[in-house]
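Input: a single structure, listed below in C-alpha cells.
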Amino acid sequence: MIRFSLPVCMLSTALLAACASATAPTAVVAPNANLVAQGIPPVPQSLADSIGRYNDFRGHAFADWHPTQREMLVSHRKAGANTAQIFRVTTPLSEGVQLTDGVDPVTRATYEPRNGQYIVFERATGGNEVAQIYRLPLNIAGAQPVLLTSPDERHSINTWLRKSGRLIYSSLPIDRTAEGGKRSKITTTLWLMDPEKPEARRKLVELDGGGWAAGRPSPDERLVTLTRYLSANESQIWMMDLDSGVAKQVAPAVGSKEAKASYSPTGWTADGRSLWIASDRAGEFRELMKLDLASGRIDRVSGHIPWDLSGVTLTEDRSQLAAQFNVDGRDELHFFDAATAKEVSAPATLPNGNVGAASYHPGNSELAFSISNAQGPSQIYSLGSDGKVQQWTRAAGAVDTSGFSEQKIVRWKSFDGTTISGLLTPPPKKFTGKRPVLISIHGGPESQASFGFLGRNAYYVQELGMALIQPNVRGSSGYGKSFLAMDNGFKREDSVKDIGALFDWIATQPDLDASSVLVTGGSYGGYMTLAVSTHYPDRIAGSIDVVGISHFVTFLNNTESYRRDLRRVEYGDERDPAMKAHLEKISPLTNAAKIKKPLFVVQGKNDPRVPYTEAEQIVATVRQGGTPVWYLRAENEGHGFQKKDNQDYQAYATVLFMQQTVLK
C-alpha cells in the first residue's frame, strides 16, 4: 500500500491548486515484465521523456547484394519496432520491404546466389547465441521461414557455392557435460546443404576446436579456404577439398619455425593459383599479401600502409580489389588493381566517416559500403564504375544531429612509458567550467574504440554536458600485434594501470573535472570497470558494469565450452596452479571489499559468453560490504541488450545513476 502524508490546505483556489500539484504522485516508468530491477529508484516519467528522442536513432547495416538485380538486403529497426530485422531495398532511397519479423533480431542474411529466389538468415533466441539457419522464399506471398538446422547446435552461415546454389555452414555443440563431470570434446562440423533440400545435407569435415570457418571457394568450386582461429595473435589458413573433405594447412607452412602470426584468406585470384590473404607475419600490422599456392611464396602488397587491414572484397571477375584499413580507429577504403597488385587512386567523391561493411555486386563492379560518423548512424552507399557515389538508405531519428560533437584522439603516458590513446567527445560549448567525465571502456579485450555515431550515448554529451573518453588500453587491436599482446596472462592488470594514468591525465586538463568521473564498460570492459573500482575507488564517483567478468576462474569454468580454450590464451589457463592463483588474486570478486563507490550492474540472463552468475556474485558480495548496488537483469537477453524496450529502461536507469553520482 502506498501512503501519502497530505499537508493541510487553505481555502484559496491558487493554494488548492498548488497543494494538489505538490502532493500528486510523481509519474514513473516501471521496468517491463522481462526486467528484474533491484535497488534502482523509481524512474520519473519526466526523465524518460527528456531522453526519449535519443532512444530512436535508426541506421542501416548492409547484408547482401542480389545476385542478378540491383537491389540489396539490409538490417534495420523500423519505427515502433523492438528489434532489427531484414529488409529488401530495391532502389536507392526507397522504403525497404520487411522480410523477417519476430521478437528476436535478425542481422545476418544472404540471397540464394543464382537467381535470388529465396534468402537464408540466422536467428537466435533470447540472446543465447545458439543461432539457427532459416530459408525464406521471396516469390510466395505470405511464406513463412523454414528451419534448416538442428536446435541442439549453434550454426553459422559460412559461404555459398554459387554455381550449384549450395550452402556451406558450420555447427558447434551447445555446452554439455559428459559422464564423470568431464566436458564433451569441442569440434566444428562443416556441412554442405541445398537449402531447398536440407534433409540431404552432407558432412564435409569435423575439425577439432571451435575456431574454424570456411571462406570463399576456388573459381572452379573444387576447393574452399578455411580459417583456424587460435588467438588474437595467431591464426592459420587451411585448404579443403570439397569432394574428399580432406583439409590441409597452407599458411604458415607446416613445420615453419617463424614466430606466431595471424593469417586469414580474403579471396582468390582469377586463375585460382593464388590467394589474397591478410597477415602480420612481416611486421606489427596485418597487411594485404598474395600467397602462391604452388610454391608457398608470400608477397607483400600493402606494406606501404602502416595500419591493420580490416576487410577485403573482390569484383566477381577478380580484377579489382577494395581493402579497408583501420587508420587510428577509422576504417578507410583503398583500391588495388588485382592484376598488378598495385594500389590505385580512390575516388574523391567518397563520403567522410568510418567505413563499415563493403561488398562488390556479384554481377558488376558496383561497391556497396556503409558510413557512420558523429552526425549519424550507419548509412549505405554505393560506388559505381563511373566513380559516382549514390546513397541507398537514410537514417531516421527525432534529433537534429548536425551539430553533434566530433570525436578527437587524445594520448597519455602510462606507468611504464607506453603511450595510450583514446577518443574524447567534448560537450558542446554551451556547457562551461570543468565538466564531469564518463570513461567508457570497450570489450574484447582485443577490440577497439573507433570513430562513429554514439547513438543514445550522445545524450550524456549533448544534454548532460559530460565529456566522454573511450580509451584504447594495452591489449586493444589496431595498434600492432605487440600492443595487442601486452595484457596477456600475468600482465592483465597493466591495462588497469592504463586507466590509472588516464585519471592523472584528466587531472591536468583545465576543462575536465577529475573529482567527477564515472567509469563504465561492457564484457571485458565490464571487468575493467570492476577492476578500476577496486584499484582506484578514490578516483571515481561510481561505476557501471555491463555483462562484465567478476572472477576469471568462475568465468572460464562457466563460459560456453567452444569459447573456453580461446579465452584461456588471452586470460591464462586456470588449470595451471600458478595461473589460477594469479587469476584468483586479481579478480574483482576477490577484491570486492575495496569497492566503496556506488555500483550499477547490467546483465542478460541468457548470456553464453559471460554467464549471469558473474553479475549475481559481484552484486551479492559488494552489497554485503554496505556499498549501494543497482542491479538490472533482462530475462530475454544475452551478452548485452538488443531489444529496444530493454535498452530504453537501461538508458533511463543509467542517467538516473549519473544524476546521483557525478551530476549531483
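The values are calculated or read from the model by the stated rules, or taken from the named source; none is laboratory data. Every value quoted in this text rests on a predicted model; they were computed, and no experiment measured them. Cβ coordinates were reconstructed from backbone atoms using ideal geometry, including for glycine residues, and neighbour counts include every protein chain displayed. In case anyone asks, the SASA skips ligands and DNA or RNA and just uses the protein heavy atoms, side chains included. Shrake-Rupley method; radii C 1.70, N 1.55, O 1.52, S 1.80 Å.
3J(HN,Hα) couplings calculated from phi for region 421-429 with the Karplus curve 6.51 cos²θ - 1.76 cosθ + 1.60 (θ = phi - 60°) are, in sequence order, 10, x, 9, 10, 10, x, x, x, 5 Hz; Gly and Pro show x.
Take the alpha carbon gyration tensor of region 423-577, find the square roots of its eigenvalues, order them as a ≥ b ≥ c, and report rounded if a/c is under 1.5; if not, report prolate when a/b exceeds b/c, else oblate. Write down the numbers at each step before the final one.
Numbers: a/c = 2.08, a/b = 1.96, b/c = 1.06.
Because a/c hits 1.5 or more and a/b exceeds b/c, region 423-577 counts as prolate.
Placing R0 at 51 angstrom, the Cβ-Cβ distance between PHE490 and ALA270 gives a FRET efficiency of 0.60 after rounding to 0.05. A cut-off of 5 Å between modelled amide H atoms, ignoring neighbours fewer than 5 places along the same chain, links LYS78 with GLN85.
Can you list residues whose amide H is under 5 Å from GLY542's amide H, if they're 5+ apart or on another chain and H is modeled 1.01 Å from N? HN-HN under 5 Å from GLY542: VAL519.
The slack between ASN34 and ASP101, meaning 0.36 nm per residue of separation minus the straight C-alpha distance, is 22.2 nm. Multiplying the residue separation of SER385 and GLU153 by 0.36 nm and removing their Cα-Cα distance gives an extension gain of 79.3 nm.
Which value results for Rg/Rh of region 281-420 when Rg is the Cα radius of gyration and Rh the Kirkwood radius based on the inverse mean 1/r?
Working: Rg = 17.8 Å, Rh = 17.2 Å.
Ratio of gyration radius to Kirkwood radius: 1.03.
What you get for region 285-366, charging only the Cβ of Lys and Arg (+1) and of Asp and Glu (-1), is a dipole of about 180 debye around the Cα centre. Computed over protein heavy atoms with a 1.4 Å probe, the accessible surface of the chain works out to 42 Å² per residue. In this structure the amide hydrogen of GLY311, modeled in the peptide plane, comes within under 5 Å of the amide hydrogens of GLN324, none closer than 5 places in sequence on its chain. Both the radius of gyration and Dmax for region 231-279 are 11.9, 33 Å, in that order, over alpha-carbon atoms. The angle between the Cα long axis of helix 612-624 and the longest principal axis of the Cα atoms of the chain comes to about 20 degrees, rounded to the nearest 10. Each 20 Å bin from zero holds the following percent of Cα-Cα pairs in the chain: 17, 51, 28, 3, 0. Of the accessible area of region 55-112, computed with a 1.4 Å probe over protein heavy atoms only, carbon and sulfur atoms account for 48 percent. Between VAL146 and THR26, the C-beta separation translates, for a Förster distance of 35 Å, into a calculated FRET efficiency of about 0.10.
What you get for region 87-196, charging only the Cβ of Lys and Arg (+1) and of Asp and Glu (-1), is a dipole of about 400 debye around the Cα centre.
Treating the beta-carbon of each Lys and Arg as +1 and of each Asp and Glu as -1, no other charges, what is the dipole magnitude of region 195-245 about its Cα centre, to the nearest 20 debye?
On the way: 7 positive and 9 negative charges, 19 e Å.
The calculation lands at about 80 debye.
On the basis of the beta-carbon distance and an R0 of 45 Å, ASP241 and ASP416 show a calculated FRET efficiency of 0.35. So for the chain, taking the charge dipole from beta-carbon charges (+1 Lys/Arg, -1 Asp/Glu), which of VAL662, GLY525, ILE506 sits furthest toward the positive end? Among VAL662, GLY525, ILE506, the one farthest towards the positive end of the dipole of the chain is VAL662.
Where Rh denotes the Kirkwood radius from the mean inverse Cα pair distance, what is Rg over Rh for region 161-274? Numbers along the way, then the final one.
Values: Rg = 15.8 Å, Rh = 15.6 Å.
Radius of gyration over Kirkwood radius for region 161-274 works out to 1.01.
Take every Cα pair under 8 Å in the chain that's 6+ residues apart, average their separations, divide by the length, and report that relative contact order as a whole percent. Write out the running numbers ahead of the final one.
Numbers: 1574 pairs, mean separation 73.3, N = 664.
After rounding, I find 11 percent.
Between ASN115 and SER515, the contour length at 0.36 nm per residue exceeds the alpha carbon distance by 137.9 nm.
Helix 524-535 and the longest principal axis of the C-alpha atoms of the chain enclose an angle of approximately 40°. Only one residue of GLN375, HIS334, ALA348 has its Cα farthest out toward the positive end of the dipole of region 329-394, where Lys and Arg carry +1 and Asp and Glu -1 on Cβ, and that residue is GLN375. Considering only GLN98, MET466, ALA396, the residue lying farthest towards the positive end of the dipole of the chain is MET466, judged by Cα position with unit charges set on Cβ. Each residue of region 346-362 was assigned a 3J(HN,Hα) from its phi angle through the Karplus expression (A = 6.51, B = -1.76, C = 1.60, θ = phi - 60°), giving 7, x, 7, 8, 5, x, 7, x, 8, 6, x, 4, 9, 7, 7, 5, x Hz with x at Gly and Pro.
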